[in-house]
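In what follows, a single structure is set out as structure tokens and then discussed.
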Amino acid sequence: MSDPQSLSLRLGIDWGGTKMEVIALDSASGAERFRKRVPTPRDDYAGCIAAVRDLVRAAEAETGLAGSVGLGIPGSLSPATGLVKNANSTWMNGKPLDRDLEEALARPVRIQNDANCLAVSEATDGAGAGAHVVHAIIIGTGCGSGIAIDGRAHRGANGIGGEWGNIPVPWMREDEYPGPECWTGHRGTIDRLCSGTGFQWDFEQASGEALTGREIVERAREGCPVAGGSLERYISRLGRAMAMAANLIDPDVFVLGGGMSNVDELYTGLPDAMAPFIFSDHYEVPIRRAAHGDSSGVRGAAWLWNA
């Protein structure tokens, strides 16, 4: 196949815990040419490889064009072993994903953490366009983060740049300690408590009732004190995590993606939640919703071949 960077299409794949998605973008204009989602074959590594292959074939058959392939995953490739690590889709951990996909697709593949893909997408032509440092945060089933510097993903020397999910929520309060156990075996982590799943867990602990995040937010807006308390605690925890990130990397913009990013109260509440923990006499950085919504991660995977 030709040099991937010279091809007419940029194909992006988002490998999520419940769905896999392909997008085909025009390599020059960025216009969307094709998009398709399928359920993720959970706990089936070979099935996932086949699903990626079939999505790429479908995109190229529909458009009649060949494309480079970028993939966003809920983990990363280890520079030491070349194998997947830190993925909450645990059946891919320890696998040579890039080699297996390159064999299945007969072309080079670029792989990045899904939050890094979100950061690249929003830094390229989204809510962080033109910013030097973009810190992107996915607040959905889990809570991952990624960093883009001048439009390129900051992977880090060991492939863990931006990996904040396994860190306990900073400045943990006495009534929060030690917190629920995360899939990593640690307690009170950002991934566990600052995710949409953590928001639902908090409400269920307080009320004994299991609701979706959207239902909890609706109840909070209707004046339900239990739901309102869960939303306040969620904003506090996410705000403390973001304050830690601000103190470490001081980004030009925070961009939120994932299901919880659609909660308007976050954008009014987070600055106040962060303020007591910022190590500065003045702090003012925008917190924005991802411009491309739930398409942003898969778009960022496609743009990995533009770097």
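Going by the structure shown, is residue 227 modelled with pLDDT of 95 or more and under 19 Å from residue 171 (Cβ atoms)?
Values: modelled with pLDDT of 95 or more: yes; under 19 Å from residue 171 (Cβ atoms): no.
So residue 227 does not fit the description; no.
To keep it simple, each residue is scored yes or no on (1) surrounded by fewer than 18 Cβ atoms within 10 Å (Cβ to Cβ); (2) in contact with a Phe, Trp or Tyr (Cβ under 8 Å, 6 or more places away or on another chain); (3) of a type in the set (Ser, Thr, Tyr); (4) at pLDDT 95 or above.
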site	(1), (2), (3), (4)
15	no, no, no, no
46	yes, no, no, yes
49	no, no, no, yes
54	yes, no, no, yes
67	no, no, no, no
73	no, yes, no, no
77	no, no, no, no
81	yes, no, yes, no
84	no, no, no, no
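In the list 281, 272, 294, which residue meets the criterion of being farther than 29 Å from residue 155 by Cβ and at pLDDT below 95? Even if it seems obvious, please write down each step before you answer.
On the way: 272 fails: at pLDDT below 95; 294 fails: farther than 29 Å from residue 155 by Cβ.
Only one candidate qualifies: 281.
Please determine whether any residue of segment 251-266 is outside any strand (DSSP E or B), surrounded by fewer than 17 Cβ atoms within 10 Å (Cβ to Cβ) and in contact with a strand residue (DSSP E or B) (Cβ under 7 Å, 6 or more places away or on another chain). Give the steps one after another, and end with the answer.
At the first step, the residues of segment 251-266 found to be outside any strand (DSSP E or B) are 251-252, 258-266.
The next check asks that each one be surrounded by fewer than 17 Cβ atoms within 10 Å (Cβ to Cβ); those that pass are 252, 264-265.
The next check asks that each one be in contact with a strand residue (DSSP E or B) (Cβ under 7 Å, 6 or more places away or on another chain); those that pass are 252.
Yes - at least one qualifying residue is present in segment 251-266.
Residues being among the basic types (Lys, Arg) and more than 30 Å from residue 91 (Cα to Cα): count how many of those fall in segment 6-41.
Number satisfying all stated conditions: 1.
I'd like the residue in segment 155-164 that is in contact (Cβ under 8 Å) with a residue 24 or more places away in the chain and either surrounded by fewer than 16 Cβ atoms within 10 Å (Cβ to Cβ) or in contact with a Lys or Arg (Cβ under 8 Å, 6 or more places away or on another chain) (or both) and, out of all such residues, is farthest from residue 79 (Cα to Cα). Working first, answer last.
In the first step, residues of segment 155-164 are kept if they are in contact (Cβ under 8 Å) with a residue 24 or more places away in the chain; the result is 155, 157-164.
Going one step further and asking which of them are either surrounded by fewer than 16 Cβ atoms within 10 Å (Cβ to Cβ) or in contact with a Lys or Arg (Cβ under 8 Å, 6 or more places away or on another chain) (or both), we end up with 157-159, 161.
Numbers: 157: 8, 158: 6, 159: 6, 161: 12 Å.
The qualifying residue farthest from residue 79 (Cα to Cα) is 161.
Among (1) within 16 Å of residue 252 (Cβ to Cβ); (2) surrounded by 15 or more Cβ atoms within 10 Å (Cβ to Cβ), which single condition is residue 150 missing?
(2)
Looking at segment 226-233, can you tell me whether even one residue there is out of contact with any helix residue (DSSP H, G or I) (no Cβ under 9 Å at 6 or more places or on another chain) and more than 15 Å from residue 140 (Cα to Cα)?
No, there is no match, as no residue in segment 226-233 is out of contact with any helix residue (DSSP H, G or I) (no Cβ under 9 Å at 6 or more places or on another chain) and more than 15 Å from residue 140 (Cα to Cα).
For segment 169-213, what are the residues that are surrounded by 13 or more Cβ atoms within 10 Å (Cβ to Cβ), assigned to a loop (DSSP other than H, G, I, E, B) and of a type in the set (Phe, Trp, Tyr)?
Correct list: 171, 183.
Kindly list, by first and then second residue, each pair from a residue in segment 264-282 that is within 14 Å of residue 170 (Cα to Cα) to a residue that is at pLDDT below 95 and outside any helix (DSSP H, G or I), limited to pairs with Cβ atoms under 8 Å and residues at least 6 apart or on different chains.
Listed by first residue and then by second, the contacts come to 274/283; 275/283.
Search segment 86-96 for residues being within 19 Å of the chain's Cα centre (by Cα) and at pLDDT 90 or above, and hand back the single one that is nearest to residue 42 (Cα to Cα).
Checked segment 86-96; the qualifying residue nearest to residue 42 (Cα to Cα) is 91.
For segment 212-225, which positions are under 25 Å from residue 177 (Cα atoms) and under 23 Å from the mean Cα position of the chain (by Cα)?
212, 213, 216, 217
Just for segment 167-206: of the residues that are touching a helix residue (DSSP H, G or I) at 6+ places or on another chain (Cβ under 9 Å) and of a type in the set (Lys, Arg), which one is nearest to residue 85 (Cα to Cα)?
It comes out as 192.
The values are calculated or read from the model by the stated rules, or taken from the named source; none is laboratory data. This one's a predicted model, so the numbers in the text were calculated from it and none came from an experiment. In this analysis, Cβ positions are derived from the backbone assuming ideal geometry, glycine residues included, and neighbour counts consider all displayed protein chains.
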